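Okay, so here's the structure we're looking at.
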Ligand SMILES: Nc1ncnc2c1ncn2[C@@H]1O[C@H](COP(=O)(O)OP(=O)(O)OP(=O)(O)O)[C@@H](O)[C@H]1O
Ligand SMILES: [Mg+2]
């Protein structure tokens, strides 16, 4: 039977016994574990499915809302205005930090990307209950898709950020560009790792979401965007608390973003000022943090594969 | 009509080896409730084996009827065969692409339209965009949901929902087809169409795993029956014997009556 498949006519069923086995060359197909998966690698391999999931989630995230995608501008805008008003105007940061708005917004873009990624990622597996219970597929698909949707929503914010920089007289340099990219990649890896880990934990411990809400509350204040980095060195010097503060990878990422966007809008007649706005070893720290986040991602994948097998029954 | 000559190729299609699946029944939700229960020496949770040390092997092209009372573990076993669940003990091995439906419905997304769900479902089952495009017309024609194709499946009737699910699953170019109570909510014409289609799939040499409470359709479709009882495999063999064991036949005996075949179930 060399009956070639013709999907349109369904001609495949005309063949005699052994038809499918021969057509698919099943004799050369090994017996495998139907639940076997290589995790994130498999997600990369099945990009078509991933793209469908991403498209679906983009559609679903603002489903039924009249303003739709507009909310992904309105929410950050309101938050930005709030922070700007409180810290820039009431607390007077606008006077001490040049172009405070960009200092703030450069950080907010990636902080928002991170928190959106892991919050949506956390809910992603529960939200796909029907699929998880009935279909075999790498479950990493769901948190990764959530992260990509958040990435998609970050795009316009980056455009706004660049627009704001240009308006205030941006003079981009290659080092700054590299810094911003490094900062962004750090958050990308961290967001994927957190989304992955949280998505599984949220199924097994339903209280997990509450805990994560608290993390989301704290993150924006734990990084130097509403206040200058200088404030930290003034308070803590380079002592243990400084080390603790800097151990948060989001701090490095935010500083790197500011190095890319904010610094070059301040004009280079104040090198001393700019110097105190960053740790001297910013890039070195950036690479170390990226390495740590990558290790964390590997750990998350490992933990996910351990927890994954319990998800279909726990989700019920 | 029913051809008992399995189109065997001597190739193992599914090998289930001492497989067990344990579920936990949690009686209490909060820590407080658990503490209270503990202090009263009540059980907080219970474990039971939904599938208990089941072993069997299926040759490519065989069609197997899986029977058993409600809650006997049929869907759980099939979940492990299609890979959506992992056994706690033992191993499952399969050859080739698996398609089908578990516990009546497909994994659809209620906010997505019928069209989008077709693509999504086919993609999960391993079909590319081109492959789905090539079969799209056929799937739509089979599902026959008319102008509801472009409305969210959330508004479908349960029959329409299962038609679409079956239509996608059956048009995936698979090697193993799992049909878990696919006929449960379909109307009579659709049931006829499904049975005819499955017969076609079966004749093309696809391994068929068929779950139904309708003895007649099992008789018609299958050349071997497995019977589960509280998770244990209590019978593996001849179709009629298996059905007799479950006493599903009732008074009708061997009469090939239409209602029985089409599953005027239970
Ligand atoms: N996620 C779960 N957690 C706990 N128990 C479960 C879970 N899923 C199934 N069960 C239990 O496992 C047993 C077997 O369920 P299963 O769905 O496999 O039965 P079935 O043979 O398909 O029944 P039916 O004929 O009604 O479809 C049932 O007692 C069910 O309550
Ligand atoms: Mg069932």
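Each reported figure results from applying straightforward, stated rules to the coordinates on display, with no laboratory input. Quantities reported herein were computed from a predicted structural model and do not represent experimental measurements. Note: ideal-geometry Cβ built from the backbone for every residue, glycine included; neighbour counts use all protein chains shown.
Hey, what angle do you get for helix A:47-61 against the long axis of chain A, alpha-carbon based, 0 to 90 degrees rounded to 10? Roughly 60 degrees between the two axes.
A Förster distance of 60 Å, applied to the separation of the beta-carbon atoms of residue B:31 and residue A:67, puts the FRET efficiency at 0.90.
The mean count of C-beta atoms from other chains within 10 Å of the C-beta of residues in B:89-101, rounded to a whole number, is 4.
Report summary: the helix-based calculation at 222 nm, which adds -39500 (n - 2.57) for every DSSP H run with n ≥ 4 and divides by the residues of chain A, gives -21000 deg cm²/dmol. Based on Cα contacts under 8 Å between residues 6+ apart, the stretch A:70-158 shows a relative contact order of 29 percent. Computed from Cα atoms, the angle from the helix A:249-261 axis to the main principal axis of chain A rounds to 70 degrees. Taking every DSSP beta bridge that has both ends in the protein assembly as shown, the antiparallel portion is near 55%.
For the peptide A:131-144, the mean number of other protein chain Cβ atoms found within 10 angstrom of a residue's Cβ is 5.
Each of residue A:167 and residue A:276 was given a label point 7 Å from its Cα along the Cα-to-Cβ line. The distance between the two points is 2.9 nm.
Please report the antiparallel percentage of the DSSP beta bridges confined to chain B, to the nearest 5.
Just about 55 percent of them are antiparallel.
Shielding by partners for peptide B:202-209, expressed as the average number of C-beta atoms from other protein chains within 10 Å of each residue's C-beta, is 6. Scoring A:167-177, B:24-34 by mean Cβ neighbours within 10 Å over their residues and listing the highest first yields A:167-177, B:24-34.
Quote the relative contact order of chain B in percent (integer), defining contacts as alpha-carbon pairs under 8 Å separated by 6+ residues.
25 percent
Using the Cα gyration tensor of chain B, with a ≥ b ≥ c the square roots of its eigenvalues, what is the shape: rounded (a/c below 1.5), prolate (a/b larger than b/c) or oblate (neither)? Since a/c reaches 1.5 but b/c is at least a/b, the shape of chain B is classed as oblate. Here the relative contact order of the stretch A:37-314, from alpha carbon pairs under 8 Å that lie six or more residues apart, stands at 28 percent. Rounded, prolate or oblate for the stretch B:1-135? Axes are the square roots of the Cα gyration tensor eigenvalues, ordered a ≥ b ≥ c, and the cut-off for rounded is a/c under 1.5. Because a/c hits 1.5 or more and a/b fails to exceed b/c, the stretch B:1-135 counts as oblate.
Dividing the summed -39500 (n - 2.57) terms of all DSSP H runs of n ≥ 4 by the residue count of chain B sets its mean residue ellipticity at 222 nm at -10500 deg cm²/dmol. Packing around the peptides A:184-191, A:243-250, taken as the average count of other Cβ atoms within 10 Å per residue, puts them in this order, highest first: A:184-191, A:243-250. Direction-averaged projected area, Cα convex hull, the protein assembly as shown: 32.3 nm², rounded to one decimal.
Residues considered: A:242, A:28, A:153. Largest GNM mean-square fluctuation over chain A, using C-alpha springs under 10 Å, is found at A:28. Computed from Cα positions, the angle between helix A:141-167 and the longest principal axis of chain A comes to roughly 30 degrees. Exposure proxy for B:63, A:150, A:199: other Cβ atoms within 10 Å of each Cβ, ordered fewest to most, give A:150, B:63, A:199.
Highest GNM mean-square fluctuation among A:252, A:116, A:234, for chain A modelled with Cα contacts below 10 Å: A:234. Roughly what % of Cα-Cα distances in chain A sit above 32 Å, to the whole percent? Tail of the P(r) past 32 Å holds 39 percent of the pairs. Footprinting exposure proxy ranking of A:238, A:192, fewest other C-beta atoms within 10 angstrom first, gives A:238, A:192.
Among A:296-307, B:106-117, the peptide with the highest mean count of other Cβ atoms within 10 Å heads the list, and the full ranking is B:106-117, A:296-307.
Multiplying the residue separation of residue A:89 and residue A:206 by 0.36 nm and subtracting their alpha-carbon distance yields 38.1 nm. Among B:160, B:85, B:120, the largest mean-square fluctuation in a Gaussian network model of chain B, built with springs joining Cα atoms closer than 10 Å, belongs to B:85.
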